[in-house]
Amino acid sequence: MRAVPARHARDTLFSDTPTRSAMACIDRPCARNAAISATLRAWWRSVGRPAYPAASRLLICADSGGSNGSRLRLWKVELAALAAETGVAITVCHLPPGTSKWNKIEHRMFAHISMNWRGRPLETHEAVVQLIGATTTREGLRIHAELDEHAYPKGIKITDRQMAALPLTKHDFHPDWNYTLEPQMPTL
C-alpha cells in the first residue's frame, strides 16, 4: 500500500447490529454515490449474505444529505443496480434533514473511532484505515476498514426517463424519504 495524503479522505460506514460488525470504506474524492454503493456491495458479499442467506429484503437507514441524500438520482440508480444484482429488495428510510446527529451509527461507531485515533496524525489514507480497523467496543463491535482505490466517474447525469424506469415504489409515509427498490433491472 502506498502512502497517500489523507486531507481529502471520506469515509462510508455500515453497521449491522445483530452480527456486531461494521464496515468502513475510505475513499478519495470521487463520485460518492458509486463509492457508497460499492461499499454496500462489498459489505453484502462479505457479511450480509453469509449472515442472512435467506434474506429477501435489506433496510438502509440513511442520512438525507451528502451522497446518499433522498433527492439524489445516482444514489437511487446505484441501489437499483445493487438490488437487481443481489436479488434483494432494498428499502431506504432517510433521516429527516438536519437530524443526522441522532443517527445511531454516529454514536455506535464514531465515538469509538475518535477515541481510538485521538492525538495521532492522520497523514495518509493508510493511517486512517489502520486506525479505524483497530477500533472495537466493549460490546464486541469490530470494524473492518479498507481503502477503496477504484476510480469512479464524475458528473453522471440521470435523466427523467431513467428515473421513471427504476423499479422504485415510494412509501405512503414521507414518500420522498422512504422508498423500496425491487430486484429487477430498470426498463427503458
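The values are calculated or read from the model by the stated rules, or taken from the named source; none is laboratory data. Computed from a prediction, not measured in an experiment: that's the story for all the values here. Here the Cβ is made from the backbone with ideal geometry for all residues, glycine too, and neighbour counts use every protein chain on show.
Things worth noting here:
- Flag for Leu82 being modelled with pLDDT of 80 or more, more than 18 Å from Ala42 (Cβ to Cβ) and in a helix (DSSP H, G or I): no
- Residue check for Ser46: of a type in the set (S, T, N, Q), assigned to a helix (DSSP H, G or I), in contact (Cβ under 8 Å) with a residue 12 or more places away in the chain and buried (at least 22 other Cβ atoms within 10 Å of the Cβ): no
One line per residue, one yes/no per condition, for (1) within 19 Å of the chain's Cα centre (by Cα); (2) closer than 23 Å to Val47 by Cα:
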| position | (1), (2) |
| --- | --- |
| Arg118 | no, no |
| Thr124 | no, no |
| Arg138 | no, yes |
| Asp148 | yes, yes |
| Ala151 | yes, no |
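- The helices (runs of 4 or more DSSP H) found wholly in the range 107-188 and carrying at least 1 residues that are closer than 25 Å to Pro97 by Cα and either modelled with pLDDT of 80 or more or of a type outside the set (A, V, I, L, M) (or both) occupy 111-117, 160-165.
- Verdict on Asn103 being modelled with pLDDT under 90, surrounded by 19 or more Cβ atoms within 10 Å (Cβ to Cβ) and not small (Gly, Ala, Ser): no
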